[in-house]
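Below is one structure, written out as structure tokens; comments come after it.
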Amino acid sequence: MNIKLCTETFHLNNPASLSTYVKQGGYEAWKNIVNNKISKSEVIAKIKDSGLRGKGGAGFLTGLKWSFIPLSDSDKYLVCNSDESEPGTCKDRDILRYNPHSIIEGMLIACYAIGASTGYNYLRGEFIDEQWKVFNAALEEAYKAELIGNKIFSSNLTIDIYALIGAGAYIVGEETAMLESIEGKRGMPRIKPPFPAIKGLFDKPTIINNTETLASIPKIMLNQDGWYKNIGINSSEGIKIFCMSGHLNKPGNFEIPLGTPFASLLELAGGIWKDRNIKAVIPGGSSVPVVKGDIMMGVNMDYDSIASVGSMLGSGGVIVMDDRTCMVSVLHRISRFYYSESCGQCTPCREGTGWLYKILSNIIEGRGTNKDLDQLDRIASQIEGHCICALGDAAAMPVRSFLKNFWEEFEYFVDNKRSMVI
Amino acid sequence: MKVFINDKEYDALPEETIIQLSDRAGIHIPRFCYHKHLSVVASCRMCLVDIEGVKNAQPACSTPVREDMKIYTKSKKNKRCSKKFNGVLIDKPSFRLSNL
């Protein structure tokens with residue numbers, strides 16, 4: 001099947017321009033909704049029926065999320081989460097760069113469905129050089145074409161979209177931390193409940209969706225009911241971009257239907273480089289548990305299959321490692337990331353991530369003992385599930401899974417003060 | 001409002017948090033960042049309690065009581081929490097860390 005949703009314009013000339021997007025059927029869905037006065041509940045029902053799941057990591061049903069918004073007349077907000085900072089994930093940056101109008105249209109439809117008159121697209125700080133400029137140019141074009149703004153298509157609808165740029169913090173990818181950041185505060189997660197759908201940005205009901213999720217919406221609205229649902233498999237409907245990185249011949253973004261076997265995804269990415277064998281795969285960005293390569297080869301890329309081997313689909317950032325990768329070094333690097341990105345709000349994560357990194361540094365530098373390995377597992381288990389946001393879990397899960405799957409390699413490193421594979 | 005702490009029934013006031021109820025009832029829940037005269041930040045994660053039907057342990061200082069809520073302050077999950085704080089805050093996992 002060769003269906004493309006978010007990556008539709010990627011291969012075209014001048015992909016980010018309005019004319020290219022309109023040629024691909026862009027803004028048809030938006031025009032249809034406004035001109036034919038399709039009701040908000042109909043839009044939400046259609047998204048609900050499509051089974052579209054959030055593509056940012058948690059995989060929550062988008063239509064269900066939208067239906068949580070109260071029906072009152074108060075101000076509401078939509079936030080597009082383009083703070084894609086998960087190591088191994090590079091899908092949103094390409095959507096922003098090559099298909100920004102699909103995000104704008106998706107945001108317009110989402111704003112309409114939840115009754116918001118303002119939408120914010122929060123880009124990560126590192127996007128300032130390219131994606132930020134492209135997205136702003138696209139926004140300007142859309143304003144000029146009177147697709148956004150006051151009295152859209154001479155109806156009494158007013159929707160404004162603003163682009164915001166972050167300062168490069170990983171934690172702002174967490175939805176409530178993003179709200180804090182937009183409000184001008186330090187990006188630290190809020191205590192839930194209340195959930196953002198009830199009390200979010202500026203204490204008003206807010207919906208936060210991932211860039212890829214919003215970019216998928218125009219095509220779902222344009223096609224007839226059941227089109228999106230029929231793409232993937234049961235309980236994992238639709239299509240997803242997988243960002244293949246690591247020891248591959250042809251790393252990159254591949255948009256494939258959910259439920260595709262991992263082996264064929266690996267084939268798309270050109271297979272393992274230098275004719276080596278696969279050792280391990282992190283299937284959804286660095287914060288999900290690692291899976292051994294031979295197990296991963298028999299898994300399909302959908303939510304349930306990956307969950308059955310003890311990992312998660314996450315954001316779709318697939319990191320493939322060949323048989324000459326030192327897992328101790330990999331874990332050391334991952335824990336370094338979480339150590340520096342912990343916001344410091346709650347104790348288990350602030351203290352624990354530092355300790356994990358320092359113990360792993362000890363091991364790498366040849367000062368590790370066997371006790372350290374148990375200590376790593378214990379600290380990770382004490383972080384998991386005890387923090388305000390999911391970053392604590394994100395820091396703990398790789399540690400526990402690396403230890404579980406590659407214990408002998410860690411033990412070898414401690415005993416011999418050198419890696420088992422190099 | 002009827003609330004159970006460690007299988008014993010207590011009468012809770014509406015909009016009370018778990019820690020307020022337990023303080024009134026004389027059940028000790030360890031805490032660092034909670035103080036009754038200060039706003040709740042729930043950042044030390046020391047007062048985590050186990051609530052029936054909730055997957056993760058929840059902070060007693062920020063979780064409001066519900067009708068028929070079953071709270072366990074000394075459950076398995078919880079012991080792990082208090083152990084954590086023996087480990088996390090009082091002793092560092094290894095004194096060698098301080099040399100790094």
Each residue of segment A:277-290 in turn: what ³J(HN,Hα) in whole Hz from Karplus with 6.51, -1.76, 1.60 and θ = phi - 60°, glycine and Pro shown as x? 9, 7, 10, 8, 9, 9, x, x, x, 4, 8, 9, x, 7
Taking segment A:248-330 and dividing mean pair separation by its residue count, relative contact order in percent (alpha carbons under 8 Å, at least six apart): 33
Please work out the FRET efficiency for the pair A:Lys192 and B:Leu13, using the Cβ-Cβ distance as r and a Förster radius of 22 Å; give the result to the nearest 0.05. 0.45
Under 27 Å from the Cα of A:Lys37, which lysines turn up, not counting those fewer than eight places away in the same chain? A:Lys23, A:Lys46, A:Lys48, A:Lys65, A:Lys76, A:Lys144, A:Lys151, A:Lys204, A:Lys219, A:Lys229
What is the spin-label model distance, in nm, from A:Ala167 to A:Ser72 if the labels are put 7 Å beyond Cα along the C-beta direction? 3.3
Counting sequence-distant residues (5 or more places) and residues on other chains, those with an amide H built under 5 Å from that of B:Ala60 are B:Cys47, B:Leu48, B:Val49
Rounded to the nearest 5, what % of DSSP beta bridges with both residues in segment A:239-322 are antiparallel? 75
Karplus couplings for segment A:113-118 from phi (6.51 cos²θ - 1.76 cosθ + 1.60, θ = phi - 60°), rounded to Hz, Gly and Pro as x? 5, 9, x, 8, 10, 9
Using DSSP to call loops (not H, G, I, E or B), can you name the trypsin sites (Lys or Arg not before Pro) in segment A:168-214 whose Cβ has at most 11 other Cβ atoms within 10 angstrom? A:Lys185
Label 7 Å along Cα→Cβ of B:Asn6; segment B:33-57 residues with amide nitrogen under 19 Å? B:46-52, B:57
Gain in length, A:Arg333 to A:Ser154, computed as 0.36 nm per residue apart minus the alpha-carbon separation, to one decimal in nm? 59.0 nm
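Expressed as a rounded percentage, what relative contact order does segment A:36-162 have, with Cα pairs under 8 Å and six or more residues apart? Spell out each step's value before the answer.
Details: 153 pairs, mean separation 30.2, N = 127.
With pairs under 8 Å counted, the relative contact order is 24 percent.
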Gap separating the Cα centres of segment A:271-347 and segment A:11-38, nearest whole Å: 37
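Loop only per DSSP, at most 16 neighbouring Cβ atoms within 10 Å: give me the trypsin sites (Lys or Arg not before Pro) in segment A:216-267, ordered by residue number. Numbers along the way, then the final one.
Details: sites: A:Lys219, A:Lys229, A:Lys240; in loops: A:Lys229.
Taking segment A:216-267 and a limit of 16 other Cβ atoms within 10 Å, the loop trypsin sites (Lys or Arg not before Pro) found are A:Lys229.
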Over all distinct Cα pairs, what is the inverse of the mean 1/r for segment A:261-419, reported as the Kirkwood hydrodynamic radius in Å? 16.0
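What value, in deg cm²/dmol to 500, does the helix sum -39500 (n - 2.57) over DSSP H runs of n ≥ 4 give at 222 nm once divided by the residues of chain A? Working shown, then result.
Values: 17 runs with 177 residues, N = 422.
It lands at -12500 deg cm²/dmol.
Can you tell me the convex hull volume per residue for segment A:239-322, based on C-alpha atoms, in Å³ to the nearest whole number? Don't skip to the end; give the middle numbers.
Details: hull volume 5.7 nm³, N = 84.
Expressed per residue, the convex hull around the Cα atoms of segment A:239-322 is 68 Å³.
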Counting each pair of different Cα atoms once, what's the Kirkwood radius of chain A in Å, rounded to one decimal? 22.2
Hey, got a sec? Which trypsin sites (Lys or Arg not before Pro) in segment A:84-177 land in a DSSP loop and have at most 13 other Cβ atoms within 10 Å? A:Lys151
Gain in length, A:Lys144 to A:Asp377, computed as 0.36 nm per residue apart minus the alpha-carbon separation, to one decimal in nm? 78.3 nm
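What is the packing order of peptides A:208-216, A:80-88, B:33-41, B:18-26, taking the mean over residues of other C-beta atoms within 10 Å and listing the highest first? The partial results should precede the final answer.
Details: A:208-216: 27.8, A:80-88: 26.0, B:33-41: 12.4, B:18-26: 18.0.
Order by mean packing, descending: A:208-216, A:80-88, B:18-26, B:33-41.
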Can you tell me the length gained on complete extension of the stretch A:Val309 to A:Glu183, counting 0.36 nm per residue apart and subtracting the Cα distance? 41.4 nm
Compute a Gaussian network model of chain A, connecting alpha carbons closer than 10 Å, and tell me which residue from A:Asn156, A:Asn121, A:Asn362 fluctuates the most. A:Asn156
Given Cβ point charges of +1 (Lys, Arg) and -1 (Asp, Glu) and nothing else, what value in debye, to the nearest 20, does the dipole of segment A:105-251 about its Cα centre take? 280
Got a sec? Which residues in segment A:181-196 would a label at A:Lys40 touch, if it sits 7 Å along Cα→Cβ and we count backbone N under 18 Å? A:196
Show the residues, 5+ positions off or on another chain, whose built amide H is closer than 5 Å to the amide H of A:Lys199. A:Thr206
For segment A:9-21, Karplus-derived ³J(HN,Hα) couplings (6.51, -1.76, 1.60; θ = phi - 60°; whole Hz; x for glycine and proline) come out as 8, 4, 8, 7, 6, 6, x, 8, 7, 5, 4, 4, 5
Mind checking which of A:Asp73, A:Asp323, A:Asp304 has the largest fluctuation in a GNM of chain A, springs on alpha carbons under 10 Å? A:Asp73
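Report the relative contact order of chain A, percent, no decimals, based on alpha-carbon pairs under 8 angstrom and at least 6 residues apart.
Values: 874 pairs, mean separation 66.8, N = 422.
Averaging sequence separation for qualifying contacts and normalising by length gives 16 percent for chain A.
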Report, by chain and number, residues whose modeled amide H sits under 5 Å from the one on A:Arg53, excluding near sequence neighbours (fewer than 5 apart, same chain). A:Thr62
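First select every other residue whose beta carbon is under 10 angstrom from the beta carbon of A:Phe195; then total the charges, Lys and Arg +1, Asp and Glu -1. Walk me through the numbers on the way to the answer.
Values: positive: A:Lys65, A:Arg190, A:Lys192, A:Lys199; negative: A:Glu175.
In short, +3.
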Can you list the residues of segment B:1-30 with backbone N under 17 Å from a point 7 Å past the Cα of B:Glu67, pointing along Cα to Cβ? B:1-4, B:10-16
So in chain A, what percent of DSSP beta bridges are antiparallel if you round to the nearest 5? 45
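Just so you know, all these numbers are worked out from the coordinates, no wet-lab data involved. Predicted model, so just to flag it, every value in this text is computed and none were measured. Note: ideal-geometry Cβ built from the backbone for every residue, glycine included; neighbour counts use all protein chains shown.
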